[in-house]
Amino acid sequence: MFHRGRAGGIAALCAVVMAGCSSPPSPSKPSPVIARVLSDTITLAQFNARYESALTSIEQGGASASDPAQTTQLRASVLRSLIVDTVIRQEATKLGLEATSSQIQAEVATDAQQAGGKSALETELAGAGGSITQLEDEISSDINEQRVEDHFAQARAAMVEQTLASGANFIATAKQFSDDSGTSASGGDLGVLTPAQLKTYDPNFAAAVEALKVGAYTTTPVHDAGGYDILMLYSKTTKGWGVRHILIYAGNPYNVMDRPDWFTESLFSAIDQLCAANEISVTLTNAGGNPCTSPSPSPTPASATPSPKQTPSPVPAG
């Protein structure tokens, strides 16, 4: 995540130089546009900010940044991330969920406080190849994605509830829809949760389990730390509660590296439609990453070096 900066005024410069200052310096030329998504533009400056940060991260990780193949792959990944983030921002705007400037600045202020002040934050970011401008970019992208994913997660959870209400088997439905990669293959079985174990879970999750009767499931998704949970109680003894669940991931805090497959697929679908309508264009000539000519195996988030996705089981409180 990374960051921003702004400069001082002409009057101060005039006072220092103590010379005639009849006209301000010419404004810097706007950064060239390298891609467009609908009416939104992506500039070379935006590309370079992400690319330099990603390159620094690779070097600090001990990998060589001089490998041409790796450099080409990285440039393509950065361009894809910018296009994907633009599509997500457009959807957030349409839904009235886009991150506002004040919300972004509040996050920057929190980061600065944790770092020991804004100067300390700028130094920390610079050491990782970033800046305040890039931090704002990443915060904005993260907030937009979390809100859009949460919006569609709610709708998906409601659809799963309708599927169960129509008579579908809970185990089969969990295998088909649950984002918990650790339990979906077993029909969402969490095993028997002891009272001590249940206390470690999100309070909303625990309360819903305790309120269920054996054989029943929650007919309204439980919003907990993992997202939207549909819980089914299959046993209750002195040892604890036997629980199955269907998790529709919308974690809090949200992690773009845990994008569920259905959300990634929805992004591909939206991008494919834009490509078919010739609404995405790329003019950057020394990088791949144009999704309309060479689609990526998966849309890459702003952090340019993803690890394998592992959607967590229900998140314990604290």
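The values are calculated or read from the model by the stated rules, or taken from the named source; none is laboratory data. Predicted, not measured: the structure shown is a model, and the values here were computed from it. Cβ placement follows ideal geometry from the backbone for every residue including glycine, while neighbour counts extend to all protein chains displayed.
Below, the figures for the structure above:
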{"read-out": "Inter-residue pairs, beta-carbon under 9 Å, first farther than 17 Å from residue 68 by Cβ and assigned to a loop (DSSP other than H, G, I, E, B) and in the stretch 287-299, second modelled with pLDDT under 85 and among the basic types (Lys, Arg), 6+ apart", "value": "298/309"}
{"read-out": "From 267, 274, residue being within 24 Å of residue 79 (Cα to Cα), in contact with a Pro (Cβ under 6 Å, 6 or more places away or on another chain) and modelled with pLDDT of 90 or more", "value": "267"}
{"read-out": "Residue count for the stretch 207-232, restricted to those that are without any contact (Cβ under 8 Å) to a residue 40 or more places away in the chain and under 25 Å from residue 259 (Cα atoms)", "value": "4"}
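Condition check ((1) in contact (Cβ under 8 Å) with a residue 12 or more places away in the chain; (2) loosely packed, with under 14 Cβ neighbours inside 10 Å) across all residues:
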| site | (1), (2) |
| --- | --- |
| 36 | yes, no |
| 41 | no, no |
| 52 | yes, no |
| 67 | no, yes |
| 90 | yes, no |
| 100 | no, yes |
| 104 | yes, no |
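Every residue, every condition in (1) over 25 Å from residue 280 (Cβ atoms); (2) touching a Phe, Trp or Tyr at 6+ places or on another chain (Cβ under 8 Å); (3) of a type in the set (S, T, N, Q), yes or no:
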residue: 66; (1), (2), (3): yes, no, yes
residue: 73; (1), (2), (3): no, no, yes
residue: 79; (1), (2), (3): no, yes, no
residue: 83; (1), (2), (3): no, no, no
residue: 93; (1), (2), (3): no, no, yes
